[in-house]
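The values are calculated or read from the model by the stated rules, or taken from the named source; none is laboratory data. Since we're looking at a predicted model, the values are computed, not measured. Cβ: placed from backbone, ideal geometry, glycine included. Neighbour counts: every protein chain shown.
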Number of protein chains: 2
Amino acid sequence: MDYEIFDLGDVLLQSGTTLPDAFLAYRTYGTLNERRDNVIVYPTAFGDTHTQNEWLIGPGQALDPERYFIVVPNLLGNGLSSSPSNTPPPFDRARFPQVTVYDNVVFQRRLLHERFGIRRIALVVGWSLGGIQAFQWGTSYPEMVERIAPVAGIAKPWPHTFVVLDSLRAALLSAVRFDEASLDRLTSADMRAVGRVYAGWGLSQAFYRAELYREMGFDSLEEFTAGVWENSFMQMDPHNVLSMLRTGQHADISDNPAYGGDFDRALASITARACVMPGSTDLFCSADDNAYEVRRIPNAVLQPILSVWGHFAGRGIHEPDNRFIDERLKELLAYGADK
Amino acid sequence: MDYEIFDLGDVLLQSGTTLPDAFLAYRTYGTLNERRDNVIVYPTAFGDTHTQNEWLIGPGQALDPERYFIVVPNLLGNGLSSSPSNTPPPFDRARFPQVTVYDNVVFQRRLLHERFGIRRIALVVGWSLGGIQAFQWGTSYPEMVERIAPVAGIAKPWPHTFVVLDSLRAALLSAVRFDEASLDRLTSADMRAVGRVYAGWGLSQAFYRAELYREMGFDSLEEFTAGVWENSFMQMDPHNVLSMLRTGQHADISDNPAYGGDFDRALASITARACVMPGSTDLFCSADDNAYEVRRIPNAVLQPILSVWGHFAGRGIHEPDNRFIDERLKELLAYGADK
């Protein structure tokens, strides 16, 4: 086991349900300094665990463990933190309660406070659903967060984003004919259609037009679709996926008592320096939506990743995209660092 | 019954299978003139019948039945022309053979020749899969076709287009867990997920961002997704849908003996004046793909429909888009008409 567990105890979720014996799985990289202010939080995305975040961490990179103490909390529902797949009855599988991005960030703050005594965070960075968590950190705890860097993440599920997440969910529910009573019959094999639906959203038209999957070692479109998308999704637990999709569909940073759904006010409350990096060809977390958000955050810049890799421009696969992100993070970490 | 039937007899399909007693359902508007040269062919799109094409036909419009003889042939597989739902064993339901756009156009030509003695076509116009048929007409019968106007249609399933069609198919196959032997158990109810997947592709991010479904009388995103997308798809026969998706996935205009897969050569063979109208925000029949095609057709212009209605900019729903299309068709029909 290459990660630690932080026991949350019984937690009252935003939904009103109490989840007993909840826990966060997390991994840290580097050493916390004496002032406890060299902290970077790097939450995971839909379907990911801390392992998938590691491409961005390393000596000489912006997220340098020789300099920073990097905490990677795993998303609730991902199979390592409390999830449908690892929670005993009565909250197992299809009965796992709804958790929100807000919940995730509340618990991550407890991890930082209670385990490490951390009160200041130099940076929260995350990709996709991890990016939403970065926005949420900035909104929920402006006094703690100096900088945020959402990559291919948006501050709420915009309507089209909601529809795309809904289509992934529908492809899965089709296997049990939308019969809620049969949800427990879902198996990982039923994730096959979900992978095929995601194949169209993950990358751009230009990526497919240029047949860049060939550079990844796939000789045909069918091999790529089956080899990458079916396989990766069929390794996931369907109830975990449903939980994370639901988290994504209800991830509006203003959907909480502090802001009561006032999205613009939630954005305006972010005092952190924000570097927002959409993928320029992302089809479902769009650069235009990020542009709206950046205009309402007092101290934010929009830095689109000019790439045909669509949503996956922020995923650590394509070297020029990776370099761009790393460089922007270095600039962001330098911003105000001498004050 | 508001349409006619043209019996094709036993037809040898491009796939090598002979389909017995095949037929085309079609409707005509207007009167064929003595020179038999006032002909407009207007094939139907995926899931449509001739009825859905009628918004573009009317007095004073480009497709004026007082001036032109407009023939609307129904796509094979749509439930009116030979389809899985209306073909007796051994070719019923899941056993209906693969038909191609090439097949469709071969049979449409027979309809025009044998029933009406038509040798010249003033215009072939079509939306989406109807647009592919317009390209195919231009390639297969350059000597017959004076003008083509593909609207939100492309000349082949570009790789991303293929992936999108594949995702619709996968959402349906999920209901029988991808078990080919169980295909006959599919019902229209299983089309629900397909509708939800299509909801993300049919319209643009900007459409959803502006919540334009409210202008269509839907109070919420959920009402729109269920009311429009689920409902319209759940009225379709799943085997007809699988057949039409397969037609779309194998619709390359060069995939036939005349061109042997040489796509650029097939495009170059089109002598018709072409007015190609992509939706500027179409997510899966993209303007960029049409631009590639237009550069290779000797006498073509690209006229993007500047609209946030995505793929549905060509569907007759949004008045400014409708007017734009009608005006371009009037210009196209005027082109070379006095020679």
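Being within 8 Å of chain A (Cβ to nearest Cβ) and either under 27 Å from residue B:95 (Cα atoms) or among the hydroxyl-bearing types (Ser, Thr, Tyr) (or both) is a property that does not hold for residue B:185.
Here are B:167, B:140, B:220, B:128: which of them is within 12 Å of chain A (Cβ to nearest Cβ), touching a helix residue (DSSP H, G or I) at 6+ places or on another chain (Cβ under 8 Å) and of a type in the set (Ser, Thr, Tyr)? It would help to see each step written out before you state the result.
Values: B:140 fails: within 12 Å of chain A (Cβ to nearest Cβ); B:220 fails: touching a helix residue (DSSP H, G or I) at 6+ places or on another chain (Cβ under 8 Å); B:128 fails: within 12 Å of chain A (Cβ to nearest Cβ).
Within the list B:167, B:140, B:220, B:128, the selection yields B:167.
Of all the numbered requirements in (1) in contact (Cβ under 8 Å) with a residue 60 or more places away in the chain; (2) within 7 Å of another protein chain (Cβ to nearest Cβ); (3) at positive phi, residue A:152 misses one, and that requirement is (2).
Scanning the range A:253-270 for any residue that is of a type in the set (A, V, I, L, M, F, W, C), within 14 Å of another protein chain (Cβ to nearest Cβ) and either surrounded by fewer than 21 Cβ atoms within 10 Å (Cβ to Cβ) or in contact with a Cys (Cβ under 9 Å, 6 or more places away or on another chain) (or both) turns up at least one such residue. State whether the residues of the range A:70-86 include one that is more than 15 Å from the chain's Cα centre (by Cα), hydrophobic (A, V, I, L, M, F, W, C), in the same structural domain as residue A:133 (by TED's automatic domain parsing) and not in a loop (DSSP other than H, G, I, E, B). Within the range A:70-86 (the criterion being more than 15 Å from the chain's Cα centre (by Cα), hydrophobic (A, V, I, L, M, F, W, C), in the same structural domain as residue A:133 (by TED's automatic domain parsing) and not in a loop (DSSP other than H, G, I, E, B)), the answer is yes, since at least one residue qualifies. Restricting the range B:102-122 to residues that are farther than 23 Å from residue B:256 by Cα and aliphatic (A, V, I, L, M), the residue that is farthest from the chain's Cα centre (by Cα) is B:118.
Residue count for the range B:200-212 under the criterion of being under 20 Å from the mean Cα position of the chain (by Cα), at the interface with another protein chain (Cβ under 7 Å from one of its Cβ atoms) and over 17 Å from residue A:285 (Cβ atoms): the result is 0.
Let's see how each residue does on (1) modelled with pLDDT under 95; (2) farther than 23 Å from residue B:106 by Cα; (3) aliphatic (A, V, I, L, M):
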residue: B:261; (1), (2), (3): no, no, no
residue: B:298; (1), (2), (3): no, yes, no
residue: B:310; (1), (2), (3): no, yes, no
residue: B:313; (1), (2), (3): no, yes, yes
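Filtering the range A:268-282 for residues that are more than 17 Å from the chain's Cα centre (by Cα) and closer than 20 Å to residue A:160 by Cβ leaves a non-empty set.
Go through the residues of the range A:224-243 one by one and say whether even a single one is among the small types (Gly, Ala, Ser), more than 10 Å from chain B (Cβ to nearest Cβ) and touching a residue at least 12 places away in the same chain (Cβ under 8 Å). Looking through the range A:224-243, at least one residue is among the small types (Gly, Ala, Ser), more than 10 Å from chain B (Cβ to nearest Cβ) and touching a residue at least 12 places away in the same chain (Cβ under 8 Å).
Within the range A:245-339, considering only helices (runs of 4 or more DSSP H) that don't extend past its boundaries, which have at least 3 residues that are aliphatic (A, V, I, L, M) and touching a residue at least 40 places away in the same chain (Cβ under 8 Å)?
Because the criterion is at least 3 residues that are aliphatic (A, V, I, L, M) and touching a residue at least 40 places away in the same chain (Cβ under 8 Å), the helices (runs of 4 or more DSSP H) in the range A:245-339 that meet it are A:319-334.
Contact map, the range A:105-123: first residue farther than 19 Å from residue A:31 by Cβ, second residue among the aliphatic types (A, V, I, L, M) and not in a helix (DSSP H, G or I), Cβ cut-off under 6 Å, separation 6 or more or different chains; pairs are A:107/A:8; A:107/A:24. Here is a check on your reading of the model: is residue A:240 at pLDDT 95 or above, surrounded by 17 or more Cβ atoms within 10 Å (Cβ to Cβ), in contact with a Gly (Cβ under 6 Å, 6 or more places away or on another chain) and in a helix (DSSP H, G or I)? Taking the combined requirement at face value, the residue satisfies it. Considered as a group, the residues in the range B:271-293 that are among the charged types (D, E, K, R) and more than 15 Å from residue B:143 (Cα to Cα) include one that is farthest from the other protein chains (Cβ to nearest Cβ), and that residue is B:293.
Checked against the criterion of being small (Gly, Ala, Ser), more than 20 Å from the chain's Cα centre (by Cα) and within 23 Å of residue A:247 (Cα to Cα), the candidates A:25, A:45, A:94 yield just one match: A:94. The combined condition, being touching a helix residue (DSSP H, G or I) at 6+ places or on another chain (Cβ under 8 Å), in a loop (DSSP other than H, G, I, E, B) and acidic (Asp, Glu), is fulfilled by residue A:2.
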